[in-house]
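*Asks:* If you scroll down you'll find the structure; I have some questions about it.
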Amino acid sequence: MSETKRETVIEVRDLVRKFGNRTVLNGISFTVEKGDTMIIMGGSGCGKSTLLRHIIGSLRPTSGSIKIFGDETTTMSPQEMEKLRLRFGMNFQFGALLQSLTVGENVALPLIENSKVDPAIVDLVVKMKLELVGLTGFENLKPAEISGGMRKRVGLARAVALDPELLFSDEPTSGLDPIMTAVIDQLTMDLTRKLHMTAVVVTHDMASAFRIGTKMIVLGAGKRAGMVIAHGTPDDIKNSPDPEVQQFIRGEPDGPVPLKLAPEDYIDRLLGHDRDKGLSY
Ligand SMILES: Nc1ncnc2c1ncn2[C@@H]1O[C@H](COP(=O)(O)OP(=O)(O)OP(=O)(O)O)[C@@H](O)[C@H]1O
């Protein structure tokens, strides 16, 4: 029997983004179907975060189309985008926990900011979300009083506070040991299943990518910088005949992608140009 066709939640077509005369995204196309966990992979500086930031509407493309739930987002007003974002959960490093607030207050933030919910309901939702990530009883501690892995779990609880249909995560396991990484992965899989979410995750961690991903894209480097060089299921990616994909998933230091950075990359990184992550509205 053939698989029932699932709803397309995200459709990216021919996306191009230039910063000055530098093309960082070069004709990216892919779709994400409901229930999928799409992994965006590729070497450092290949444009993964930039792609994610276009999908959540914090950057505008030079050209191309992004449809979310069937609506074109690249031409939306900031207000329309803000409304759409109520359906998103975002678990980003630049959205780190607020140190002055307790764990519970951090999880409550999206509820307080985005909906007029009764405080008693907020408390209940916070307790439920913290229970989902195994942190019942930690609501009154400050982020500095819990471990890095626990902080990542709080970030996840906060991202799903509004029961989003779409979860976006940028490097959700960076800096964690393999056991804590596996814990976060398991939680992400449980949450996406329990809350019927579709997820898009940027990660460098191959073990994690192959554990949680149902679909993957790999962005290229060098001559194929900013292009999708492989796209498919985890098995498709594992069996890709592309030497650059194999170099990447095996973590080999040298191969089709040379070890040396291009001088402009080196200068950009030296000057911290890639740290300019401000919103571009
Ligand atoms: N606002 C910006 N202005 C100029 N260049 C930018 C900007 N944002 C990103 N870039 C450039 O785009 C390239 C891709 O950056 P991006 O952060 O998307 O890469 P990445 O694949 O997520 O990298 P990493 O894995 O190291 O986090 C970098 O070379 C960076 O210099």
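The values are calculated or read from the model by the stated rules, or taken from the named source; none is laboratory data. The structure presented is a predicted model; accordingly, all values stated were derived computationally and were not measured. FYI the Cβ positions are ideal-geometry reconstructions off the backbone, even for glycines, and counts take in every protein chain you see.
*Asks:* Under the condition of being surrounded by 14 or more Cβ atoms within 10 Å (Cβ to Cβ) and in contact with a Leu (Cβ under 8 Å, 6 or more places away or on another chain), which residue from the stretch 70-86 is nearest to Gly149 (Cα to Cα)?
*Replies:* So the residue we want is Thr73.
*Asks:* Also: Please list, ordered by first then second residue, the pairs with beta carbon atoms under 7 Å, 6 or more apart or interchain, first in the stretch 11-26 and charged (D, E, K, R) and surrounded by fewer than 18 Cβ atoms within 10 Å (Cβ to Cβ), second outside any strand (DSSP E or B) and at pLDDT 95 or above.
*Replies:* Lys18/Thr62
*Asks:* Here are some conditions: (1) under 24 Å from Phe88 (Cβ atoms); (2) within 16 Å of the ligand (Cβ to nearest atom). Leu187 meets all but one. Which one does it not meet?
*Replies:* (2)
*Asks:* Please count how many residues of the stretch 22-46 are more than 9 Å from the ligand (Cβ to nearest atom), of a type in the set (Val, Ile, Thr) and closer than 23 Å to Asp190 by Cα.
*Replies:* Residues meeting the conditions: 4.
*Asks:* How about the stretch 175-192: which of its residues are loosely packed, with under 15 Cβ neighbours inside 10 Å and outside any helix (DSSP H, G or I)?
*Replies:* Result: Gly175, Asp177.
*Asks:* Quick test for you: out of Phe138, Phe210, pick the one residue that is within 27 Å of Arg13 (Cα to Cα) and of a type in the set (Phe, Trp, Tyr).
*Replies:* The unique qualifying residue is Phe210.
*Asks:* Further, regarding this structure: Give Val126, Val107 a once-over and let me know the one that is closer than 21 Å to Val183 by Cα and in contact (Cβ under 8 Å) with a residue 40 or more places away in the chain.
*Replies:* Val107
*Asks:* Which ones in the stretch 124-169 are hydroxyl-bearing (Ser, Thr, Tyr) and crowded, with 17+ Cβ neighbours inside 10 Å?
*Replies:* Taking the stretch 124-169 first, the residues hydroxyl-bearing (Ser, Thr, Tyr) are 136, 147, 169.
Passing the criteria: only Ser169.
*Asks:* Among the residues of the stretch 47-64, is there at least one that is within 13 Å of the ligand (Cβ to nearest atom), assigned to a loop (DSSP other than H, G, I, E, B), in contact with a strand residue (DSSP E or B) (Cβ under 7 Å, 6 or more places away or on another chain) and closer than 19 Å to Ala230 by Cβ?
*Replies:* Looking through the stretch 47-64, at least one residue is within 13 Å of the ligand (Cβ to nearest atom), assigned to a loop (DSSP other than H, G, I, E, B), in contact with a strand residue (DSSP E or B) (Cβ under 7 Å, 6 or more places away or on another chain) and closer than 19 Å to Ala230 by Cβ.
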